[in-house]
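The values are calculated or read from the model by the stated rules, or taken from the named source; none is laboratory data. What you are looking at is a predicted structure, and each value in this text was computed from that prediction instead of being measured. When we count neighbours, we look across all protein chains shown, and the Cβ atoms used for this are built from the backbone with ideal geometry, even at glycine. Heavy atoms of the whole protein, side chains included, go into the accessibility calculation; ligands, DNA and RNA do not. Shrake-Rupley method; radii C 1.70, N 1.55, O 1.52, S 1.80 Å.
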Amino acid sequence: MLKAGVLGAGHLGKIHLKLLQQSTKYELVGFYDADQKASEKITLEFGYKSFSTMEDLIAASDMVVVVTPTSKHFDCAEKVLKAGKHIFIEKPITQTVAQAEQIRDLAKQNKLRGQVGQVERFNPAFQAIKDKISNPMFIETHRLAEFNPRGTDVSVVLDLMIHDIDAILSVVKSDVKAVSASGVSVISETPDIANARIEFENGCVANLTASRISLKKMRKARFFQRDAYISVDFLEKKCEVVKMKDAPKEIDDFAMVLTNAEGIKKQIYFENPKIESNNAILDELESFHDAIQADRTPEVSLQQGTEALRVAMMIIENFKKI
């Protein structure tokens with residue numbers, strides 16, 4: 001078991017504390033939060049040990065989870081890595097790409113492991129179909145949420161869209177060629193709704209929409225590739241694969257067959273991959289434990305977190321051109 005500490009005990013921090021305490025792979029040593037009154041309340045209510053300083057918590061841990069506001073990520077991560085401890089840092093990795101690169105390089109220099117909390121990578125629906133996504137050429141995502149003041153300290157791109165940016169970068173094996181985007185601030189000082197188009201060197205195009213002022217929730221992605229269409233519902237934890245294959249000579253009466261303009265017949269096959277129920281946050285934490293123990297690259301590395309932030313910042317820069 002690795003000794004784990006948590007920096008930041010807000011809404012998400014409390015979830016991490018609960019799951020680390022439940023985990024058979026970690027020993028929870030406690031947490032540090034700058035709000036002393038909130039810390040006392042959490043200790044009284046849940047029994048977690050509160051440390052009086054960040055440095056004391058880091059010293060007592062083998063691995064530290066950073067769940068502070070994004071503006072504090074860099075300072076916290078730097079302290080953790082300089083103290084020689086592994087780090088799990090919630091998305092977005094930092095406020096700027098330069099900061100993210102420094103954190104990535106610092107971990108490498110100190111031979112430490114780091115993982116970014118991109119929880120949708122561990123969503124059971126995405127886990128069930130990720131290996132079926134092969135060279136997609138068009139991708140469409142919609143991530144809509146009802147308004148919640150928590151998280152509005154950053155643009156909707158860093159708050160919500162970055163989940164889809166990361167998922168797309170994990171399956172498209174090509175460099176980003178160009179980005180165009182538009183965003184609108186409705187309630188917050190930063191954009192609350194945004195649309196982005198990402199073009200890749202291999203010809204793939206991704207169209208992403210994110211909103212935190214929607215009347216309904218939606219978290220869907222669709223991947224189109226040669227002879228296949230794959231859909232993922234991250235919210236409902238459902239997925240579907242629709243494949244097109246050359247129709248056999250003997251066609252079943254119940255088969256779905258399409259004939260194109262050239263007269264070629266294609267049969268449609270539907271697949272509903274088995275989805276294993278899980279707790280995605282617990283899974284990402286425990287997968288990080290396994291990566292540390294095996295000394296291998298984590299599922300969502302600091303490098304991948306940096307690249308997701310880089311694309312997110314390209315999108316945000318596009319807003320300024322409008």
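The figures follow:
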read-out: Cα pair distances in the range 223-307, grouped into 5 Å bins until the bin that holds the longest one, percent each; value: 3, 10, 14, 13, 13, 13, 10, 6, 7, 7, 3, 0
read-out: Accessible surface of the range 1-145, 1.4 Å probe, proportion on carbon and sulfur as whole %; value: 49 percent
read-out: Cα gyration tensor, the range 1-92 - rounded (a/c under 1.5), prolate or oblate; value: rounded
read-out: Sequence-distant residues sharing a close amide H with ARG113 (under 5 Å, placed H); value: ILE87
read-out: Dipole of the chain, positive direction: furthest Cα of THR306, PHE138, ALA280, with charges on the beta-carbon; value: PHE138
read-out: Qualifying trypsin sites (Lys or Arg not before Pro) in the range 247-301, DSSP loop, other Cβ atoms within 10 Å at most 16; value: LYS249, LYS274, ARG296
read-out: Inter-label distance for LYS249 and ALA178, nm, one decimal - labels placed 7 Å from Cα along Cα-to-Cβ; value: 4.9 nm
read-out: Probe 1.4 Å - accessible area at LEU235, Å² to nearest ten; value: 60 Å²
read-out: Per residue accessible area of the chain, 1.4 Å probe, in Å²; value: 50 Å²
read-out: Residue among LEU81, THR96, THR53 farthest towards the positive dipole end of the range 53-96, charges placed on Cβ; value: THR96
read-out: Within the accessible area of the range 209-317 (1.4 Å probe), percent carbon and sulfur; value: 50 percent
read-out: Mean separation of Cα contacts under 8 Å (6+ apart) over length of the range 1-146, as relative contact order %; value: 19 percent
read-out: Area projected by the alpha carbon convex hull of the chain, averaged over all directions, nm²; value: 19.7 nm²
read-out: Simple Cβ-charge dipole of the range 5-138, Lys/Arg +1 and Asp/Glu -1, about Cα centre, in debye nearest 20; value: 380 debye
read-out: Neighbourhood charge, 12 Å Cβ-Cβ cut-off, centred on ALA98 and excluding it, Lys, Arg +1 and Asp, Glu -1; value: 0
read-out: Amide H contacts under 5 Å for PHE147, placed H, 5+ residues apart; value: SER214
read-out: Heavy-atom accessible area order for ARG226, ARG113, largest first, 1.4 Å probe; value: ARG226, ARG113
read-out: Per-residue SASA entry for SER301, accessible area with 1.4 Å probe, Å² rounded to 10; value: 20 Å²
read-out: Given charges at beta-carbon only (K, R positive; D, E negative), |dipole| of the chain in Debye; value: 120 debye
